[in-house]
Amino acid sequence: MKRRYADEKTWWIPLVIGVTLLIPLGLDSYFTYIFNLAGIAIIVAVGLDLLSGYTGLISLGHAAFMAVGAYASAVLVAQFDWPFLLSVPAAGLIALIAGVILGFPALRLSGLYLAIVTMGFGVIVHRIIIELHVWTGGSDGMHVPVAQLFGMEMSTDRSQYYLIYVFAILMTVSAKRLTTTKIGRAMAAIRDSEEAAQSSGIHLGRYKVLIFAVSAFYAGVGGALYAHTTRFITTDYFNILLSIQFLVMVIVGGIGSIYGAVLGALFITFLPELIRVAKDFLPPDVAQFNDLQAISFGLVMLFFILFEPLGLYRRWQKIRIYWKMFPFNPKQRGETNH
Amino acid sequence: MNKTIHIAGFFLILASVALGVGSKGSPGVTDNEILIGNIQDLSGPMAYLGGELKHGAELYFRHVNESGGVYGRKIKMITEDHQYNPAMSLAAAKKLLDRDGVFCLFNVIGTATASALFNLVEEQGVPFIAPASNASSMSDPPKKYVFATDTPYDAQGRILCNYLAQRGDKNAKIGIIYQDDDFGKDCMKGVKEGAASHGWKIVGAEPFQRGSAPSFGPHLTSLRNKGATHIFLGLVLETVHVLRMAEAVGYSPQFLGFAPSSDPRIAQKAGTAAEGFISNIYMVPPQHPEHPAAILYRDLLQKYDPEHQMGFYNFYGFAAAQVLVEGLNLAGPDLTREGLVMGMEKMKEFRGSPHPSITYGPGDRAGGSKTIVLQVKDGTPSPVTRFVGE
Amino acid sequence: MTTQIITYGITLGCVYALVALGLVLIYRATEIVNFAQGEMMMMSAYMFFTLYSMEKGLFTAVIGSLLFAVMLGVVMNTIISRPLIGKPIFAQIMATIALSIVLRSLTGVIWTHEDFFMYPPPVSMKPMDVGFLQISPYQIAIVGVSIILVLLLYLFLNLTRFGTAIKATSENPVAAQLMGIPIKRIYIAVWILSSLVSAVAGMLIIPQFGLQPMLGSRLLLMALPAAVLGGFGKLEGAIAGGLILGVLESLATVYLPTSIYDIFPWIILILMLLIRPDGLFGTPVRKRV
C-alpha cells in the first residue's frame, strides 16, 4: 500500500508558499491591502466550497457567518480586552455554533429551500447585531482595535498580509486534507445523492451539521481577520451581495475544488480593483462611466457560468493536460457537455 | 475562444502582481498641479448623490483653474467608486494614495464609508476635507486630519423644534419616521432632545429599513391613529414617498425634514404633496437669490453645463470644494499636508461658501453649527429664517 | 382599523403573489430558479413609466410595456434557459443572479439612478368608504387586476391545448417531448407568460413604491419567501403564499415591535418550513437517487 499522498504531486506546494511569502516585498500598500482582502476571501471561499461545492448544500447567507466572526472578535478585543490570539479562534467557534444552528434546518429542507432559508438567516443575523448595539455599536459600525501579536502591533498592510496568509495557507491545506478523509468522501456522497448516501450508512444529520459547523468556522475566522485588517466594520457590509460574491468565487474557481476556491477568491477580489486600475488606461469617456464596475462584474460572472461552469480550476487542468500531451493534442471537438 | 480564456483567466493574478510592483507617488503637489482624491458611490444605492457631488466639485475646481488655480497650481480631482461599501472605500483610498499619489482626500459620501478611512488618514497624516456626511461622528471626537463641514443631524433636529416653538406651535404631538441606521437615529436623537426641551410629547417613532421597498402606508396609519400633529422624517429620498402617500390618503400633519430632504427636486417630485413641508439645511440652498456662493454656482452651471439641473447635492459638492480651496489658500504657496492642516485650522468665520460661517481651530473639527429653515411654497423650498443656531 | 390593515395586506399580498407566480411558472416548467425575476418586473415597469410619461395615454403605455415584457421573456429564455437547462441548481442560481446584477446596472445606465414617481397616479389613491371597508380605487385596481390576471392564466393553462402542453411539460419534460410537444416553444412561452405576469405586477406597484434600480431586488427578497411559503411547486401555492405573507406583514407592522419588522417574513418562513418542509402546498421536490 503506497503512502497516502505519494501519488499527489506535492512539490509545488512549498513553491507556492514561498512565492506567497515573497510577494509583499514588491508591492505597495494598496496592492498589499487587496491581497489581504483576497487572503480573507480565500479562507471564507474555501469554507464555503466545503459546504456548497463538496457537499452540495447551497448557502446564500455565508456573509452572516463572517459577520458573526468579525463582530465576535472585535467585541472580545475591544470590550473585553481579550488577546488577539484567543479572540480569533473564539470568533471562529462562535460562528461555528451559529453554523450548527443553521445546520439543523438543513436536515429537513431540500436544496432550494435551504438556500432561501440561508438568505433569511443573513437578515436575522444583521438584525441581531444591531440589537446588540451596546457592544457592537449597532448600525453606526464599530472601529476595531489593531491586532496585537506577541506585543507587536499588526498595523501595517505587510504585517497583516503575513498574518492573514499564515491562516489562509493552514486552513486551505486542512480543507484539502479533509476532502481526502472519510468525512470528505461522505460529503461528496451526500452531494451526489442523499438517498444513496444514507443507504450506504452515512448518517446524514451528523454530517450535515458537521459540515455547516466547519464551514461557518472558516467564515468566522475570515471575518475576524477582516475586522482587524480594515479596522472598521458595519453590518451593512455583510449583506447578501457579499454572500453572492463568495458563491461566485466558488463557482469561478470550480465547484468542489479547494484550489479552485483559492483561484476564484483571488480572481473575484482582484477583478473590481483591476477594473479600477485599468480604467486609468482607458479613454476618458469610458473610464468615467459610473456603472462600469458593477456591469463588468455581472458580465464576468455570467460569462463564467455560461461558458466555463467548472471554473478556473478546470481550465487550469485543461491547460495542464494540453501541455502534457503536446504536441500530440487531439483535434478540438466540442469539449463541454451541451 | 478556449485559448483566450486560458490567458485571461490564469494570468490575471500574475498581471496583478506585475501592475502592483513598485508604484510610489509624490504626495500630489507639483509646481502646477494639486492632485485631490475623491471617493463616491457611483454605481451603488446612492449613485445619484455620488454623481451629483462629483459634478458639483468639478464645477468649482474648473472655475478656480480657469482663474489661475491656487498659487498657480491647477486642481485635479480623481474620483473612485466605492459603491457605498466601506471595504471598497478603503481600497479606493489606498489606491488613490499609493498609486495616484493624491495630496489629500476629499468629500467622501457616506458615514460608514468615510469612517472607514479615519484610521488610514490619521496614521498616514493625510488631510481629509469635508466628508459628505452630517453624522456627529465626523467631528466628535475630533481627529487631527479630518475636517467636517456640516451641522450635524441631531443639531438640526433641535433647531427645527426651536423653530416650531418660535413660530407658535403649541401642544405639538410629535411623530417620527426614521431610517433605521446611524443617520436616522441621529435625527431622532435631536428631535427627542428638542421636543423634551419644549415639553412636547413624542407619540410615535416608526423605523424604516434603509434599502427596503418604500411603502409607508402602515407608518402613516400608525402615527395618524396616535394623533401626531407634526411628523419628522429622518429619511433621504423616501421623503417624497411619505409626502405623496400622506396626500393620497388625505392625511396632512406638519411634515418636517432634515438636510437631505431640502433638495428642490424632492419638492418638485412630491408636487402638491410637498406644499408647506419644512426642512432645514446646513448651508444656503442653491436657489437662494442673494448669497454670493449661490449666485456663483448658478452662473457657473449656466456657463459650463446648462443642461444639468440645479440641485442640492450638486451644490453641496460645490460648497465642499470651496472650503477646500479656502484651506489651500490659507496654507500658503509652500504646500504640504501638514501645511494644509494648519491652513484649515486658521479658517475663521469663512463665509465664502454656502455653509454658515466655518471656523476650525486646534481640536475643533466641526464646521457649522447653524442651519437655515426652509418651507416649501409654490413648489420650491424657500428660506423662512436666516442661519439659526440652537 | 383592522379592516384597513388587512386591506393593505391583501393589496401588498397581491403584488407578492404575482411576482411569486412568475417565479413558480418558470420553475415548474424549466426547473430554473429565476433570481432575475425582480429585475424583469422592474424593467417592464420602467418601460411603462417612460411610455406613460410621454403622454400617449394609459392604454398605449400598458400595451407597450407588455410588448416589451414579451421581448424580455424571449431574450431571457435565449440567454438563460437554453444554456442552463439540466445544469446543477447552483449554476442556475448564480447565472440568474449574475443576470440580475447586469440588468440592474443596465437599468441604472438607461434610466439613471434617480427615483421616479408616477404622479399623479392613473388611479386615485385616496381611500373611500365602500360598505364597511375603507379602500382606495388604487387598491381596488390592484386586487381586481390580479384576480383577472390569475383567472386568465388559469383558463389558459387548463382550457387551451397549449396550456395543457405547458402543464404536461411541467409534470414530465421527457414524456412530454416523447408525446410530440415542442419543448423549446414551451419554454419560450413560459418565459413570456412569466414576464407578462411580472410586468403587470410592476405596473401596479409603481404608484406605491416609486421606481429605482434597486426596486427589483427588494421585491424579489419579499417574493421569494412567498414563493417558498406556498411550496415552489403549485401555482396556487404562490398565490396563497403571497397573500398570506402580505397580510401577515401588514399586521406585523402594527402589532409587533418595529425592530422585528425586516426579519418578520423570514421568521414566518422558517417556522413554517420547520413544520412543513415542502411548503404549504408543495410537492416534494423531485429527487434523483
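The values are calculated or read from the model by the stated rules, or taken from the named source; none is laboratory data. Note that the coordinates shown come from a computational prediction; the quantities given were computed from them, not determined experimentally. In this analysis, Cβ positions are derived from the backbone assuming ideal geometry, glycine residues included, and neighbour counts consider all displayed protein chains.
Regarding region B:377-387, can at least one residue be identified that is of a type in the set (A, V, I, L, M, F, W, C) and over 21 Å from residue B:107 (Cβ atoms)? Even if it seems obvious, please write down each step before you answer.
Within region B:377-387, the subset of a type in the set (A, V, I, L, M, F, W, C) is B:384, B:387.
If we keep only those that are over 21 Å from residue B:107 (Cβ atoms) too, we end up with B:384, B:387.
For region B:377-387, residues of a type in the set (A, V, I, L, M, F, W, C) and over 21 Å from residue B:107 (Cβ atoms): present.
Kindly establish whether residue B:50 is within 12 Å of chain A (Cβ to nearest Cβ), crowded, with 23+ Cβ neighbours inside 10 Å and either in contact (Cβ under 8 Å) with a residue 24 or more places away in the chain or small (Gly, Ala, Ser) (or both). Spelling it out, residue B:50 is indeed within 12 Å of chain A (Cβ to nearest Cβ), crowded, with 23+ Cβ neighbours inside 10 Å and either in contact (Cβ under 8 Å) with a residue 24 or more places away in the chain or small (Gly, Ala, Ser) (or both). Scanning region A:114-142 for residues that are among the aromatic types (Phe, Trp, Tyr) and buried (at least 23 other Cβ atoms within 10 Å of the Cβ) yields a single hit, A:121.
Beta carbons closer than 9 Å, at least 6 apart along the sequence or on distinct chains, pair a first residue in region A:107-132 that is touching a residue at least 40 places away in the same chain (Cβ under 8 Å) and more than 7 Å from chain C (Cβ to nearest Cβ) with a second that is in a loop (DSSP other than H, G, I, E, B) and aromatic (Phe, Trp, Tyr) for A:122/A:238; A:125/A:238; A:126/A:238; A:129/A:238. Only residues that are closer than 16 Å to residue C:34 by Cβ and modelled with pLDDT under 80 were counted across region C:231-241, and they come to 2. Of the numbered criteria (1) away from every other protein chain (no Cβ under 14 Å); (2) in contact with a Ser or Thr (Cβ under 8 Å, 6 or more places away or on another chain); (3) touching a residue at least 40 places away in the same chain (Cβ under 8 Å); (4) surrounded by fewer than 21 Cβ atoms within 10 Å (Cβ to Cβ), the one residue A:152 fails is (3). Taken as a whole, region B:293-302 holds no residue that is within 14 Å of the chain's Cα centre (by Cα) and modelled with pLDDT of 90 or more.
Taken over region A:208-244, the residue count meeting the criterion of being farther than 30 Å from residue A:197 by Cβ and of a type outside the set (A, V, I, L, M, F, W, C) is 11. Within region B:23-74, the residues that satisfy the criterion of being part of a loop (DSSP other than H, G, I, E, B) and among the charged types (D, E, K, R) are B:24, B:31, B:41.
Here's a check for you: in region C:242-289, which residue that is part of a helix (DSSP H, G or I) and among the polar types (S, T, N, Q) is modelled with the highest pLDDT?
Per the criteria, the residue is C:250.
All conditions in (1) at pLDDT below 90; (2) surrounded by fewer than 16 Cβ atoms within 10 Å (Cβ to Cβ); (3) under 30 Å from residue B:263 (Cβ atoms) hold for residue B:67, with the sole exception of (1). Residue A:17: facing chain B (nearest Cβ under 10 Å) and β-branched (Val, Ile, Thr), yes or no? So residue A:17 fails the test. Is it true that some residue in region C:175-196 is surrounded by 16 or more Cβ atoms within 10 Å (Cβ to Cβ), assigned to a loop (DSSP other than H, G, I, E, B) and in contact with a His (Cβ under 8 Å, 6 or more places away or on another chain)? No, the conditions are met nowhere in region C:175-196. Restricting attention to region B:95-120 and to residues that are without any contact (Cβ under 8 Å) to a residue 60 or more places away in the chain and within 18 Å of residue A:275 (Cα to Cα), the residue that is nearest to the other protein chains (Cβ to nearest Cβ) turns out to be B:95.
Evaluating residue B:136 against the criteria (1) under 14 Å from the mean Cα position of the chain (by Cα); (2) crowded, with 24+ Cβ neighbours inside 10 Å; (3) among the polar types (S, T, N, Q) leaves one unmet condition, (2). Taken over region B:121-160, the residue count meeting the criterion of being part of a strand (DSSP E or B), in contact (Cβ under 8 Å) with a residue 40 or more places away in the chain and aromatic (Phe, Trp, Tyr) is 1.
Could you count how many residues in region B:292-332 are crowded, with 19+ Cβ neighbours inside 10 Å and either in contact with a Phe, Trp or Tyr (Cβ under 9 Å, 6 or more places away or on another chain) or assigned to a helix (DSSP H, G or I) (or both)? Before the answer, list the steps.
Kept after step one, since they are crowded, with 19+ Cβ neighbours inside 10 Å, are these residues of region B:292-332: B:293-294, B:297, B:301, B:311-328, B:331.
The next check asks that each one be either in contact with a Phe, Trp or Tyr (Cβ under 9 Å, 6 or more places away or on another chain) or assigned to a helix (DSSP H, G or I) (or both); those that pass are B:293-294, B:297, B:301, B:312-328, B:331.
Final tally of qualifying residues: 22.
Output the residues belonging to region B:48-70 that are farther than 18 Å from residue B:299 by Cα and touching an Asp or Glu at 6+ places or on another chain (Cβ under 9 Å). Within region B:48-70, B:48, B:49, B:50, B:51, B:69 meet the criteria. Within region C:6-63, if we keep just the residues that are among the polar types (S, T, N, Q) and part of a helix (DSSP H, G or I), the residue that is nearest to residue C:97 (Cα to Cα) turns out to be C:37. Of B:369, B:279, all but one fail to be assigned to a strand (DSSP E or B), farther than 24 Å from residue B:77 by Cα and either in contact with a Cys (Cβ under 6 Å, 6 or more places away or on another chain) or not β-branched (Val, Ile, Thr) (or both); the exception is B:279. Of A:220, A:260, A:256, A:201, all but one fail to be in contact with a Phe, Trp or Tyr (Cβ under 6 Å, 6 or more places away or on another chain) and not in a helix (DSSP H, G or I); the exception is A:256. Each residue in region B:186-202 was checked for being buried (at least 23 other Cβ atoms within 10 Å of the Cβ) and more than 16 Å from residue B:163 (Cβ to Cβ), and 2 pass. Here residue B:175 fulfils each of the conditions (1) under 15 Å from residue B:235 (Cβ atoms); (2) outside any strand (DSSP E or B) apart from (2).
Taking the residues in region B:77-94 that are under 11 Å from residue A:272 (Cβ atoms) and of a type in the set (A, V, I, L, M, F, W, C) as candidates, determine which candidate is surrounded by the fewest Cβ atoms within 10 Å (Cβ to Cβ).
The extreme case among them is B:87.
The set of residues in region B:221-253 that are more than 7 Å from chain C (Cβ to nearest Cβ), assigned to a helix (DSSP H, G or I) and in contact with a strand residue (DSSP E or B) (Cβ under 8 Å, 6 or more places away or on another chain) comprises B:223, B:239, B:242, B:243, B:246.
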